[in-house]
Structures are given as C-alpha cells and as structure tokens.
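Below: one structure, written as structure tokens.
Readers should treat all values here as calculations from the given coordinates under stated rules, not as data from a laboratory. As the structure is a computational prediction, the values presented were derived from the model and not from experiment. Neighbour counts run over all protein chains shown; Cβ positions are idealised from the backbone, glycine included.
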Amino acid sequence: MIIGVGVDIVEISRIKSAVSRWKEAFLKRIFTENEIQYSQNKKFVYQHLAARFAAKEAVLKAIGDASIQRIEWHNVEVLNDEFGKPYIRLSGEAKKVKEDKNITDIIISMSHTHKVAVANAILIKDGKE
Ligand SMILES: CC(C)(COP(=O)(O)OP(=O)(O)OC[C@H]1O[C@@H](n2cnc3c(N)ncnc32)[C@H](O)[C@@H]1OP(=O)(O)O)[C@@H](O)C(=O)NCCC(=O)NCCS
C-alpha cells in the first residue's frame, strides 16, 4: 500500500552558490561521504548533489508530519545500485520513523538537467500496492 508521496525540485545554481559560499561545511552538513564521492566523480557535480538534496526533501515530504523535524540530512542517504538506480538508506531518527510507521520500502526516482534537479519519493507499507 502506498502511504506517502513526495516531490521536490531544486535549482542547480542554488546548490552551487551554497557550496561556493559555505564550502565543506555545507557539503558535510547535508551530504554523506558516499553522496559527496558519487557526485564528485561525475562530470556535472552539482546536478548530482542537487538531485540528492531534492531526494532528501522528497522523502521528508512523503513522510509529511511532525516527525520530520527530528530527522537530520544525513539520516536520509541516496545510494545507487549496480545499474545506477537510486535507492534510499535511512539511519538515526529517519530509521526510527520508518519503523514506527511500518514503512517497508521507499521508492525514489531522480532526474536532472543543467538548470534543475527533481526527485520523487514513494513510501510503501507492507509490500502490497
Ligand atoms: C536509466 C536512464 C533511463 C537514465 O536516463 P537519463 O536521461 O540519463 O537520466 P536523467 O539525467 O534524467 O537522471 C539521471 C538519474 O537517473 C537515475 N538512474 C540512473 N540509472 C537508473 C536506473 N537503471 N534505473 C532508475 N534510475 C536510474 C539516477 O538517479 C541518475 O542520477 P544520479 O546519477 O545523480 O543518481 C538511462 O541511463 C538509460 O536509459 N540507461 C539504460 C541504457 C540502456 O541500457 N539502454 C538500452 C536498452 S533501452
């Protein structure tokens, strides 16, 4: 059963400005080492960072209640499987929220251009549609 849907769109220039202004402090506050490494190994680094930012926001929107205030950016991590398909790994408070709500799966999809990145998250409970 689908119990939540979230979407977010991020301008690549916003992420680029934040990185040039706050540098490592911004990167390390928002993104995990895996996310930074993945993005920095790509030609268009900021598109991948922006997509990951959008994905984190999309997951929070899909949860959508007061519990999201306890979740830190690092607690929602975007990883990619062997085919490049993104998936979410939760930790800390986000993992607790997932358990409390009996969320069994989080489906994420992302796309990016030179201007914007977009992500969509779907929360599944019990594995049934
Ligand atoms: C997967 C695919 C559709 C993505 O298309 P694209 O236009 O390059 O992707 P976008 O720029 O819109 O989005 C990129 C995001 O797609 C996602 N993505 C990549 N591979 C994916 C996959 N296998 N499944 C789902 N999402 C995927 C990633 O999140 C990626 O962003 P990231 O690298 O920052 O994580 C494309 O790479 C593709 O067609 N791959 C298969 C090619 C192939 O085998 N074709 C032959 C048979 S048709």
Value of relative contact order over segment 2-125, rounded to a whole percent, pairs C-alpha under 8 Å and six or more apart: 38 percent
Spacing of the two label points (7 Å from each Cα toward its C-beta) at residue 109 and residue 79, in nm: 2.3 nm
The chain: most fluctuating residue of 98, 23, 61 per GNM, C-alpha cutoff 10 Å: 23
Cut-off 14 Å between beta-carbons: net charge of the residues surrounding residue 7, Lys and Arg +1, Asp and Glu -1: 0
Rough spin-label spacing in nm, given labels placed 7 Å along Cα→Cβ, for residue 25 and residue 89: 2.8 nm
Cα→Cβ-extended label distance, 7 Å offset, between residue 96 and residue 70, nm: 0.4 nm
In segment 2-73, chymotrypsin sites (Phe, Trp or Tyr not before Pro) in a DSSP loop with at most 14 other beta-carbon atoms within 10 Å: 44
Estimated dipole of segment 2-125 in Debye, rounded to 20 [Cβ of Lys and Arg +1, of Asp and Glu -1, Cα centre]: 360 debye
Crossing angle, helix 45-63 versus the chain [Cα axis fit, 0-90 degrees, rounded to tens]: 20 degrees
Using θ = phi - 60° and Karplus 6.51 cos²θ - 1.76 cosθ + 1.60, couplings along segment 13-26 (whole Hz; Gly, Pro as x): 5, 5, 5, 4, 4, 4, 5, 6, 7, 9, 6, 4, 4, 5
Residues whose placed amide H lies under 5 Å from that of residue 3, excluding near-sequence neighbours: 123, 124, 125
Interchain or long-range residues, amide H under 5 Å from residue 31's placed H: none
Too-long pairs where the Cα-Cα distance tops 20 Å, listed order kept, from 23/85; 16/95; 42/95; 28/85; 42/115: 23/85; 16/95; 42/95; 28/85
